[in-house]
Amino acid sequence: MTQTLTKYAGYHEAFQALESSAPKSTPPWLHELRRQAWSRFQQLGFPTARRGNEKWKYTNVAPIASAAFSHPAALPSGAQPTAGRVKQLGPSAPGWTNLVFVDGHYSPALSTQPGQAPGIVVDNLSKATVSSPQLVQPHLARQAGFEDDGFIALNTAFLQDGAFIHVADNRTAPAMINLLFVTTEGPTPKVTFPRVLVVAGKGSQVSLVETYVSPAKSRYFINTVTEIVVGDGANVEHCRLLLESPEAFHVGNTRVYQGQDSTFTSAGFFRGAALARNDFQVLLDGTGANCTVNGLYLTTDSQHVDHLIGIDHAKPHGTSRLLYKGILDGKSKAVFGGTVMVRKDAQKTDARQTDKNLLLSPDAEVDSKPSLLIFADDVKCAHGATAGHIDANTVFYMQSRGLDLATASRMLIHAFAREVIDTVQAEPLRDYLDGLFSQAMPASSLRFGGTP
Amino acid sequence: MPLLVIRDLHASIGDQEILKGVDLTVNAGEVHAIMGPNGSGKSTLANVLAGRPEYTVTKGSVQYQGHDLLAMPPEQRAREGIFLAFQYPVELPGVRAWQFLKAAMDAQRQHRGLEEMSARDFNRLLQEKVQQVEIDPELVKRNVNEGFSGGEKKRNEILQLALLEPKLALLDETDSGLDIDALRIVAEGVNRSRRPDNAIVVVTHYQRILNYITPDFVHVLMDGRIVRSGGAELALELESRGYDWVKEAVS
Ligand SMILES: Nc1ncnc2c1ncn2[C@@H]1O[C@H](COP(=O)(O)OP(=O)(O)O)[C@@H](O)[C@H]1O
Ligand SMILES: [Mg+2]
């Protein structure tokens, strides 16, 4: 045990500090949850790419495990980003509900709630665990179990703040809920543990976007957990946006639970971060549940992004659509591990998963492994993966109409990306993403393959 | 000054020489037909003129409006008024035809020192051309050539021709695979674009399209060389006597 303690001494100290300085109002069950999670983390530690560890086969987290980070125990007292600056950091639109978190802590000054609607709770977690424990406790840490995952265990041990969204049965959240997690520049690299819990009651509807962003260019480690419960007949639209610093380590775990006849639609957008891990698991645990999980990643330089996506069909008549698309430049590397599981009971499942990659540079690399695990016999399933360069013949066709190489390739890359961007329903968000990705389209180091 | 002067043009792909000394002069206001059997180098000639990078010019020169055409990148040739209607038009996945055509138009206008067209003006012009070439208006809302039938792709090339109003249009087998109605529409589109200040080079294997577009000159390309040139009557002679007749005559 002593060895483990010294190994994670920094986290141990931070954990002690968190527990001893916790406000009196912190409910005992939360203390207990943290302690259990901390104890589990000490046993699990950070994952290693050892043999047989399929989930971490292509991603080495040693740079995270071996680095020292400081844990900001509270909202930074000094200079915080201004409201105007915060608005520029992520998507925004009039009428949205905005919750802003700085270094993992809720900032009331930067957040705006245009008025409460009946049956809708949108709050920060550290407040909600105290003010509405009856809504929080039954769901918190239920979808994201920390028994087998060191990162989830660590996040749960440091569970302190984040967003809580609760929509009562048959209610519709009137506005987009915009969650912005900002990591600020500091004298030493920081670690933060944002947490999001979304509970959509039966027949309810809600749309949310989570954005993780930093105005800094420096190194930090952000370890997030998002849990989403989609009740029977409910409809949740979700968007997750990574705009981290180019030096950042981002490990995100998302766990989604779907009830009967529920609909869950998610689109993830990934830019920034030196190392990003997106572990996204959806459990379709009710008959007739329907999910769409899309993703778009754009990597440059020596970025590394690792997507581990799981769709678990546990009940019959479910539908799932999984589409991830990657644009890879420089020496960047992407990993896509997609698993669609169809359990024995899940007859009449209709599942499709696709990963498509556009390689803009000869040094970029993708490891794409979509897989199907089917235990039912009456199902419709398909999967595929592609990786290719921009086609020379295609570019020549565009040039022959007067477009230069850079414009032509940018148009093609943008068109490739738009298949995912266009799945976002909320227009201001879609426009924002479209602008974001068209600006980011790399025009350099393009290599063309293909034959005429 | 002639619009286009090709002198002793040799072009290869890899180690294989395809054009083995082509000479051709095209003046503004003229329509030329280049005919020849499959594999004789017709598409190669058209593509070399448009600047396809796979081909290497090993010898000879091409003057376009008095400038060295071969020194220009493909987009500059387009902006200077060269248009190639592709034998096999290319699908642009996810790129809307409208957006593509507007971008092409803007690039060409900018090169000529003209202002960018407003979306409204462009729309009006596009609709006019859509009606002229009798193309389904829905096609310009779709992705470029994606899922288009063969005939639709060819008509889409003619739509672009009508829109961009080039000085030198190179039509590579635009007639192949078209039924008679489509052929008539394509030919009408070409005839409408005929003006005293531009020229059209029709590349074709068959004489059929020349019933609708009457050429001023007909050239026969064989094994990378123009082996015979004449007036419109040469096409008819080829139609009745076949390419073997020319082959025998030149050998
Ligand atoms: N991209 C290419 N790669 C290899 N060979 C080619 C290519 N393009 C043309 N060729 C060859 O060059 C010759 C002429 O082709 P092409 O110009 O297409 O003839 P045409 O249009 O008259 O049918 C043919 O033998 C053809 O196989
Ligand atoms: Mg040809």
Checklist outcome for this item: Spelling it out for residue A:381: with amide H atoms placed in the peptide plane at 1.01 Å from N, the residues 5 or more places away or on another chain with amide H under 5 Å from its amide H are A:351
Checklist entry - At the nearest 100 Å², what buried accessible area, both sides summed, do you get for B and A when the probe is 1.4 Å? => result 2000 Å²
Next on the checklist: Would region A:111-206 count as rounded, prolate or oblate if I go by the C-alpha gyration tensor, calling it rounded below 1.5 in a/c and otherwise prolate when a/b exceeds b/c, oblate otherwise?
Outcome noted: oblate
Checklist entry - If you keep only loop residues by DSSP, which trypsin sites (Lys or Arg not before Pro) in region A:341-411 have at most 12 other Cβ atoms within 10 Å of their Cβ? => result A:344
Item to check | Residue-normalised accessible area of region A:317-452, expressed per residue, 1.4 Å probe, Å² | outcome: 41 Å²
Item to check | Accessible carbon and sulfur surface of region B:22-150 relative to its total accessible area, %, 1.4 Å | outcome: 47 percent
Checklist outcome for this item: When the charge dipole of the protein assembly as shown is computed with +1 on Lys and Arg Cβ and -1 on Asp and Glu Cβ about the Cα centre, the Cα farthest towards its positive end, among A:234, B:57, A:98, belongs to A:98
Next on the checklist: Can you pull out the trypsin sites (Lys or Arg not before Pro) in region A:91-185 whose DSSP state is coil and whose Cβ has at most 16 other Cβ atoms within 10 Å?
Outcome noted: A:142
Item to check | Net charge of neighbours whose Cβ lies under 14 Å from the Cβ of residue A:315, counting Lys and Arg as +1 and Asp and Glu as -1 | outcome: -4
Item to check | For region A:242-256, 3J(HN,Hα) per residue [Karplus equation, 6.51 cos²θ - 1.76 cosθ + 1.60, θ = phi - 60°, Hz, x = Gly/Pro] | outcome: 9, 10, 6, 5, x, 9, 6, 9, 10, 10, x, 10, 10, 10, 10
Checklist entry - Per residue and in cubic angstrom, what volume does the convex hull of the Cα atoms of chain A have? => result 150 Å³
Checklist outcome for this item: Restricted to region A:342-452, the DSSP antiparallel beta bridge percent, nearest 5, is 0 percent
Checklist outcome for this item: In chain A the accessible area split gives carbon plus sulfur, as whole percent at 1.4 Å, a share of 51 percent
Checklist entry - Hey, can you list the DSSP H helices of chain A whose Cα span along the axis is 18 Å or longer and whose average Kyte-Doolittle score is at least 0.5? => result A:405-421
Checklist entry - Given H placed on each backbone N at 1.01 Å, which residues far from residue A:176 in sequence or on other chains put an amide H within less than 5 Å of it? => result A:97
Item to check | Amide H within-cut-off set for residue A:356, under 5 Å, with H built and near neighbours excluded | outcome: A:324, A:325, A:326, A:386
Checklist entry - Other chains' Cβ within 10 Å of B:96-106 residues: what's the mean? => result 3
Item to check | For region A:205-246 and region A:264-286, distance of Cα centres in Å | outcome: 9 Å
Next on the checklist: Suppose every Lys and Arg Cβ carries +1 and every Asp and Glu Cβ carries -1, with no other charges. What dipole size does region B:134-251 come out with about its Cα centre, to the nearest 20 debye?
Outcome noted: 260 debye
Checklist entry - Across peptide B:80-89, how many C-beta atoms of other chains are within 10 Å of each residue C-beta, on average? => result 2
Checklist entry - For region B:82-126 and region A:79-145, what is the separation of their Cα centres, given in Å? => result 46 Å
Checklist entry - Could you give the dipole magnitude of chain A about its Cα centre, charging the beta-carbon of Lys and Arg +1 and that of Asp and Glu -1, in debye to the nearest 20? => result 360 debye
Checklist outcome for this item: Out of A:423, A:37, A:299 - ranked by how far each Cα lies towards the positive end of the dipole of the protein assembly as shown, with unit charges on the beta-carbon of charged residues - the top one is A:37
Next on the checklist: Tell me the relative contact order for chain A as a rounded percent, counting alpha carbon contacts under 8 Å between residues six or more apart.
Outcome noted: 9 percent
Next on the checklist: What lysines does residue B:154 reach when the alpha-carbon gap must be under 22 Å and sequence neighbours fewer than 8 apart in one chain are set aside?
Outcome noted: B:42, B:102, B:129, B:141, B:167
Next on the checklist: Using the Karplus curve 6.51 cos²θ - 1.76 cosθ + 1.60 with θ = phi - 60°, what ³J(HN,Hα) values do you get for each residue of region B:119-129, in whole Hz, with x for Gly and Pro?
Outcome noted: 4, 5, 4, 5, 4, 4, 4, 4, 4, 4, 5
Checklist outcome for this item: Cα-Cα longer than 27 Å, checked against A:57/A:325; A:24/A:202; A:57/A:331; A:127/A:202, kept in input order, equals A:24/A:202
Item to check | Hz values of 3J(HN,Hα) by residue in region B:8-15 - Karplus curve (6.51, -1.76, 1.60), Gly and Pro given as x | outcome: 6, 7, 10, 9, 10, 10, x, 8
Item to check | About the Cα centre, charge dipole magnitude for region A:79-182 (Lys/Arg +1, Asp/Glu -1 at Cβ), debye | outcome: 420 debye
Checklist outcome for this item: Rounded to a whole number, the mean other protein chain Cβ count within 10 angstrom for residues of A:411-422 is 3
Checklist outcome for this item: DSSP beta bridges in the protein assembly as shown: the antiparallel percent, rounded to 5, is 15 percent
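The values are calculated or read from the model by the stated rules, or taken from the named source; none is laboratory data. These numbers were taken from a predicted model, which means no experiment stands behind them. We place every Cβ from the backbone using ideal geometry, glycine too, and count neighbours over all the protein chains shown. Side chains included, ligands, DNA and RNA excluded: accessible areas come from the protein's heavy atoms. Shrake-Rupley method; radii C 1.70, N 1.55, O 1.52, S 1.80 Å.
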